[in-house]
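K.L.:
Here it is: the structure, laid out below.
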Amino acid sequence: MPMRNGKIQFTVHGSWFMVIVFCLTVNSIHAQSAFDFISRNRNFSASNYCIYPDSVDHIMTPAPAGKKPFYISHYGRHGSRYLSNRKGYDIPYGILAKADSLDKLTPFGKGVLKEVRDIIDDSEGRWGDLTGLGKLQHRHIASRMVKHFPEVFADDAVIDAKSTTVNRCVLSMGAAIQQLVALNPKLRVTMKASKADMWYMNHQDTLLRSTQNTPATKQAYAEFCTPREHNDRLMHLLFNDSIYIKEHVDDLWLNYYLLKTALIQQNTSMGARSTLIEDFSFEEIHQFWQKENAWWYFTYGPSPLNGGTQPYTQRYLLRQIIHDADSCIALPTHGATLRYGHETVMLPLTCLLGINAYDYQIERLEDLEHEGWWACLIFPMASNIQIVFYREDPKDKDVLIKILLNENEARLPLPDDLAPYYRWADFRDYYLKKLDAYDSTR
């Protein structure tokens, strides 16, 4: 076990516990707290930095008699990546390096400074890049698509893949397609990453974004965060002068960025070497998780504090999903539409669809955890939504769908007499009316 200045540092290896967590249903979450999971694996607190549960044995409910899968409509987040820019590392490094130059760090603090420096060196020139783990995640997801729905990818199936223009998304798409073609060289594949598609692939609604931080959200979030922001214990472990801490250390941001630095390492080659996460207590990490979860809820979720409309940022994507599906249903062929983008799309799209009741409006941020609104279960690295279409043959007009969230069967707010299967006609009617109702108010 690695040690930092005489202190034993325990490193969590593998993702066995993440696998368990992501298999949980919303109902089982209600009986537990995130602290229960964090106390067994600190990395669970990583929010959008969580790694994908890549070894889950997904159980699929058999389709109704005669129905066979013929089309998949997919939206997926890019795989594991490096930190997108230096800021998150430069802030803790700058604070610690300045203190070190003034001989204000403890031996423990010097060890932390060295590790942050090593992490920066490992990430230099790779900011935002897809990691090897990220590529592997998408290859595995593609393989499981073929395993679970072989009819969709049989013979000369048509695969239409699109990505945002961001490099890590393009490479995620490439990794998935490479795997699909390796499994079936006969596939007819097209790949595209163009600004022409960004209007729906990564739409950032400026009007809705301007309403994210209302006075109500700012006040509620500030009140929620205040008792969870500071970390006096860690500050006195890092620095040898309490007056210096008070007068020169921004403890709020040091604690925040140092913890984020620790948590993203599970996605990189530093994950097996970094022990930074062990410098934080379970309670400190739980508080970080609570703040991040609340931030994602009112920024991209259905929070009533700012009108509950943020998920509609993805209305163009949902309309495109419906349009593409209608076009494919009209054809006698089989295949898939694969789209690769970001968590800032993945989260609001999940809420807009109301998958597993993630459209639930919760007044008090303090109630999010108990009510089971956990953003980390929606958008780990390589997270994805798959809508799988079923019919007996091309003449069959009674098309059914099944929706998967991170490859697990999920529920929709639709008539559920066939759940987890739903009628495409019901899906199409419900969501087009929902989108039309919103657009009519603009």
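K.L.:
So how do 418, 353 rank on accessible area, 1.4 Å probe, biggest first, that is with the largest at the start?
P.N.:
On the way: 418 55, 353 5 Å².
Descending accessible area places them as 418, 353.
K.L.:
While we're here: Using a 1.4 Å probe on the protein heavy atoms, what percent of the accessible area of the range 269-410 belongs to carbon and sulfur?
P.N.:
Whole-percent figure for carbon plus sulfur exposure: 52.
K.L.:
Give me the distance in nm between label points sitting 7 Å out from Cα along the Cα-to-Cβ direction at residue 248 and residue 120, one decimal.
P.N.:
According to this spin-label approximation, the distance is 1.7 nm.
K.L.:
Might you report the magnitude of the Cβ-based charge dipole of the range 23-127 about its Cα centre, with Lys and Arg at +1 and Asp and Glu at -1, to the nearest 20 debye?
P.N.:
300
K.L.:
If the viscosity is 0.692 mPa s and the temperature 37 °C, what translational diffusion coefficient in µm²/s does Stokes-Einstein give for the range 197-296 when Rh comes from Kirkwood over Cα pairs? Walk me through the intermediate numbers first.
P.N.:
On the way: Rh = 16.2 Å.
Answer from the Stokes-Einstein relation: 203 µm²/s.
K.L.:
Okay, moving on. All other residues with a Cβ under 11 Å from the Cβ of residue 205 taken together, and with Lys, Arg as +1 and Asp, Glu as -1, what is their net charge?
P.N.:
That works out to +3.
K.L.:
Under 13 Å from the 7 Å Cα→Cβ point of residue 397, by amide nitrogen: which residues of the range 417-442?
P.N.:
425
K.L.:
List the GluC sites (Glu not before Pro) within the range 361-429 that fall in a DSSP loop (any state other than H, G, I, E or B) and whose Cβ has at most 11 other Cβ atoms within 10 Å.
P.N.:
Here the sparse-neighbourhood loop sites are 363.
K.L.:
Okay, moving on. For the chain, what does -39500 (n - 2.57) per DSSP helix run (n ≥ 4), summed and divided by total residues, give at 222 nm, in deg cm²/dmol to the nearest 500? It would help to have the intermediate numbers written out before the result.
P.N.:
Working: 18 runs with 195 residues, N = 442.
Helix-only estimate at 222 nm: -13500 deg cm²/dmol.
K.L.:
Ordering 273, 117 by how much accessible area each has at a 1.4 Å probe, largest first, what is the list? List each step's numbers first, then the result.
P.N.:
Working: 273 150, 117 90 Å².
Largest accessible area first, the list is 273, 117.
K.L.:
Compute a Gaussian network model of the chain, connecting alpha carbons closer than 10 Å, and tell me which residue from 91, 385, 401 fluctuates the most.
P.N.:
Of the options given, 91 has the highest mean-square fluctuation.
K.L.:
A further question on this structure: Which one, 53, 348, 413, has the greatest fluctuation when you compute a Gaussian network model over the chain with C-alpha springs under 10 angstrom?
P.N.:
Largest GNM mean-square fluctuation: 413.
K.L.:
Multiply the residue gap between residue 56 and residue 272 by 0.36 nm, knock off their C-alpha separation, and tell me the result in nm, one decimal place. The partial results should precede the final answer.
P.N.:
Working: separation 216, 0.36 × 216 = 77.76 nm, distance 2.13 nm.
Computed gain between residue 56 and residue 272 is 75.6 nm.
K.L.:
How would you rank 174-185, 274-285, highest first, on the average number of other Cβ atoms within 10 Å across their residues?
P.N.:
Listed from highest to lowest mean packing, they are 274-285, 174-185.
K.L.:
Mind checking the per residue accessible area of the chain for me, 1.4 Å probe, whole number of Å²?
P.N.:
Per residue, the chain has 41 Å² of solvent-accessible surface.
K.L.:
Now a separate question. Aspartates and glutamates within cross-link reach of residue 114: Cα-Cα under 18 Å, excluding same-chain residues under 8 positions apart?
P.N.:
90, 100, 103, 122, 124, 278, 279
K.L.:
Under 10 Å, Cα contacts only: if you run a Gaussian network model on the chain, which one of 374, 127, 424 comes out with the highest mean-square fluctuation?
P.N.:
127
K.L.:
Run the numbers for residue 151 and residue 439: contour at 0.36 nm per residue of separation, minus the present Cα-Cα distance, in nm.
P.N.:
Gain on stretching residue 151 to residue 439: 100.0 nm.
K.L.:
Right, another one. Counting only DSSP beta bridges with both residues in the chain, tell me the antiparallel percent, nearest 5. Intermediate results must be reported in sequence, preceding the final value.
P.N.:
Values: 23 of 41 bridges.
Of the beta bridges lying entirely in the chain, close to 55 percent run antiparallel.
The values are calculated or read from the model by the stated rules, or taken from the named source; none is laboratory data. For clarity, every value in this text was computed on a predicted model and none was experimentally measured. In this analysis, Cβ positions are derived from the backbone assuming ideal geometry, glycine residues included, and neighbour counts consider all displayed protein chains. With ligands, DNA and RNA removed, areas are computed over all heavy atoms of the protein, side chains included. Shrake-Rupley method; radii C 1.70, N 1.55, O 1.52, S 1.80 Å.
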